[in-house]
Amino acid sequence: MLLDARRSEDQAKLKGGEDAVAWVKEEQCIGCDQCTIVCDDDAIELYDVPLASPILNIAVNRKAKILRNPCTGCQLCVLACPTDAILMIDR
Ligand code: SF4
Ligand code: SF4
């Protein structure tokens with residue numbers, strides 16, 4: 001409950017609109033694809049990175065990247081990201 005309230009406050013403070021653009025914190029991105037599903041403007045691409053884990057036998061992981069020009073600053077990706085990996089920054 002407290003966390004929900006905190007999250008709502010954070011969302012109310014989000015930058016948005018034409019002066020803002022999304023930005024992915026790569027270290028927090030798990031490549032889950034949720035942001036690309038919600039982005040109506042085709043402004044997010046996933047790219048492969050080597051997975052540096054000695055215990056998991058997976059060659060690559062994926063990370064999201066924002067394409068600045070098509071991004072409209074709508075914030076949908078921020079709300080969809082399960083790991084809070086996306087910020088809104090000044091364009
Ligand atoms: S802010 Fe909107 S347009 Fe920009 S990447 Fe996120 S979902 Fe797409
Ligand atoms: S929703 Fe978040 S964790 Fe998932 S691919 Fe997009 S930025 Fe990465």
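Taking the range 37-57 as the range and being of a type in the set (A, V, I, L, M) and in contact with a Cys (Cβ under 8 Å, 6 or more places away or on another chain) as the test, the residues that pass are Val38, Ala43, Ile44.
Of all the criteria given as (1) part of a loop (DSSP other than H, G, I, E, B); (2) farther than 15 Å from Asp90 by Cα; (3) touching a strand residue (DSSP E or B) at 6+ places or on another chain (Cβ under 8 Å), the one not satisfied by Ile58 is (3). Across the range 18-36, the number of residues qualifying as closer than 16 Å to Val49 by Cβ and more than 10 Å from ligand 1 (Cβ to nearest atom) comes to 9. The set of residues from the range 28-54 being under 18 Å from Gly73 (Cβ atoms) and part of a loop (DSSP other than H, G, I, E, B) comprises Cys39, Asp40, Asp41, Asp42, Ala43.
To keep it simple, each residue is scored yes or no on (1) within 10 Å of ligand 2 (Cβ to nearest atom); (2) modelled with pLDDT of 95 or more; (3) surrounded by fewer than 13 Cβ atoms within 10 Å (Cβ to Cβ).
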site	(1), (2), (3)
Glu18	no, no, yes
Cys29	yes, yes, no
Ile44	yes, yes, no
Tyr47	no, yes, yes
Leu56	no, no, yes
Val78	yes, yes, no
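The values are calculated or read from the model by the stated rules, or taken from the named source; none is laboratory data. Everything quoted here is computed from the prediction, not taken from an experiment. So basically every Cβ, Gly included, is an ideal-geometry build from the backbone, and we count neighbours across all protein chains shown.
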